[in-house]
Amino acid sequence: MQGNLPPEAQEKLEELQDLQETAQKVAAQKEQAESTLNESKTALDALDDIDEDTTMYREVGELLVEAEYDEAHDELSEKVDTLEIRVEQLQKQEQRVQEQFESLQEELQQMLQGGAGGGPMGPGGAGA
């Protein structure tokens with residue numbers, strides 16, 4: 001079918017495919033950010049439940065290094081804040097890409113219906 005499409009329709013179809021790929025990448029990034037955010041929130045909640053004098057360690061590469069409570073709490077709080085902003089940005093980006101996709105899809109459908117002269121889909125609204 002793609003071989004029979006007019007060049008403009010072929011171009012729109014390629015744009016749709018690019019947008020679909022972009023949407024998948026954004027969704028994967030958002031999923032990863034949400035996962036990391038949930039892990040960080042869980043760690044922060046756990047940190048709030050322990051005594052400040054408890055000896056703590058944090059993972060640095062392959063090593064566990066002793067960490068101070070206040071420093072760990074501040075770092076986790078900052079990480080949670082940053083991740084919340086990142087997830088929000090990715091949600092907005094995902095929504096914009098979805099809107100672009102739907103708009104482009106509608107343009108392509110109109111182009112094919114108008115240019116095809118109402119083939120097997122019936123009269124294309126060109127009038128009676």
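The number of residues in region 66-79 being surrounded by 11 or more Cβ atoms within 10 Å (Cβ to Cβ) and in a strand (DSSP E or B) comes to 1.
Among the residues making up region 14-64, none is under 22 Å from the mean Cα position of the chain (by Cα) and farther than 29 Å from Gln89 by Cβ. The set of residues from region 1-34 being open to solvent by 90 Å² or more (accessible area, probe 1.4 Å) and not in a helix (DSSP H, G or I) comprises just one member, Met1. When Leu37, Leu47, Leu63 are screened for being loosely packed, with under 12 Cβ neighbours inside 10 Å and either more than 16 Å from Val97 (Cβ to Cβ) or acidic (Asp, Glu) (or both), only Leu63 passes.
Considering Asp49, Asp53, the condition of being among the charged types (D, E, K, R), at negative phi and in contact (Cβ under 8 Å) with a residue 12 or more places away in the chain is satisfied by Asp53 alone.
The values are calculated or read from the model by the stated rules, or taken from the named source; none is laboratory data. Remember, it's a predicted structure, so these values are computed and weren't measured experimentally. Ideal geometry is used to build each Cβ from the backbone, glycine not excepted, and the neighbour counts take in all protein chains shown. Note: areas computed on protein heavy atoms with side chains; ligands, DNA, RNA excluded. Shrake-Rupley method; radii C 1.70, N 1.55, O 1.52, S 1.80 Å.
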